[in-house]
Each structure stands twice: as structure tokens, then as C-alpha cells.
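The values are calculated or read from the model by the stated rules, or taken from the named source; none is laboratory data. Predicted model, so just to flag it, every value in this text is computed and none were measured. Cβ coordinates were reconstructed from backbone atoms using ideal geometry, including for glycine residues, and neighbour counts include every protein chain displayed.
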Amino acid sequence: METLKKLDIGYGYTADGGKTYPFRGKAIALMPTFDEVMQSFPNRKLLVDQKDAFERTIRLLANSLKKYPVQQRQNIYLFSGDEQYALLKQEIPEIQKIFPTRKEAKECVNQYVKMVFSGNISSSCGRYAIGIPVSYLKYAPGWPGLFLTQARWANLKVYVIDVDTTDREYGIQAPSF
């Protein structure tokens, strides 16, 4: 953490495709620890995106979360694999999922497409929100108007997300329509 605390977390941020980097040099030593975030935002909902599949990471997260009251732990959502979620759920029963696992999302792609035309979605595919990476919006039929209208009708929350991993890492291929 000592090394991470020395980094400039604004170094690579650009909103104009690399023409300018407005926060470069202005965010040195500003990376918070998980505990600092939990203490600074005790009533906020937070999404923890597990970037690895290590059991050790889940155990570290569980040990950290045990320090906080149940009410605060209820505001933590985990985005991870099935095994990691199940492991954390054993330790921290209050933990929630907002997005399906990558495997669940891949299994529901056909349901999401059918929802655009019917306004209905199965309970198994509709129990979580869907996160659509920015680069995949062009593949969402009827985006944004029809897609979002039908999602609202089906009571499905939709988030546009930016993914910082390559599609190949998870074996995902963009659907062709």
C-alpha cells in the first residue's frame, strides 16, 4: 500500500482521447484504502469488482468487512465469479450482487434481446441489473430508446459501464445481429 499511495491516480485520465490529461500531477498520493472509503462513505452503496479469482482476495475482503456494522455491509455489492461470491456470502451474509456473474450474463444474452421485443424477461435473468460495456452499445438492439423503455417495462435496471479488461480475457464475443 505504501507504493500505491505514492502513485498519481489522475495520471492516465483523459476525456478527449488523449489530447489533454487534466488531472495529471494533481492526484498524487490520493489513492484511498478500502477502509478509508468505507469510513468516508458509511451510508453509500459501493460496488467491489474483484479483478482476480483468488480466494485470498475474498478472505481479505471478508476480514475487512467484519469490522463494519451489518447496516453498512448491506450496502456492499460484489462483482465476481460464482465461487468467490459464494465464499464471501458464507463469511458476510449481507453481501449482495447487483450484476450477474460473467457466466450468468452470457447465459442471459438471448433473454435480453427477446426483452427488447416482448418487454418480458425470465426471473432468473431479471433478478440482477445488466451492465453493458460502452463498446457493446452498438450491439444492443433498439439502443437507447426502445431498449431502455422495454427494460423499464421488464423492471430490469441497466447500467452503461466502462470495462478495463479485454473481451478475450473472459471469452466474450460481441453478438452479431
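For the reader, a short list of remarks on this structure follows.
- Cβ-Cβ under 9 Å pairs, at least 6 apart or on other chains, region 70-88 side without any contact (Cβ under 8 Å) to a residue 24 or more places away in the chain and assigned by TED's automatic domain parsing to the domain that holds ASN43, far side surrounded by 14 or more Cβ atoms within 10 Å (Cβ to Cβ) and of a type in the set (Lys, Arg): TYR85/LYS97
- In region 12-31, residue nearest to TYR77 (Cα to Cα) [restricted to those that are out of contact with any Phe, Trp or Tyr (no Cβ under 6 Å at 6 or more places or on another chain) and surrounded by 14 or more Cβ atoms within 10 Å (Cβ to Cβ)]: MET31
- One residue from ASN75, ASN43 being of a type outside the set (Val, Ile, Thr) and touching a Leu at 6+ places or on another chain (Cβ under 9 Å): ASN75
- Within region 125-177, considering residues that are in a helix (DSSP H, G or I) and within 17 Å of GLN50 (Cβ to Cβ), the one modelled with the lowest pLDDT: TYR170
- Filtering ALA105, ALA62 for residues that are among the hydrophobic types (A, V, I, L, M, F, W, C), out of contact with any strand residue (DSSP E or B) (no Cβ under 8 Å at 6 or more places or on another chain) and surrounded by 14 or more Cβ atoms within 10 Å (Cβ to Cβ) leaves a single hit, ALA62.
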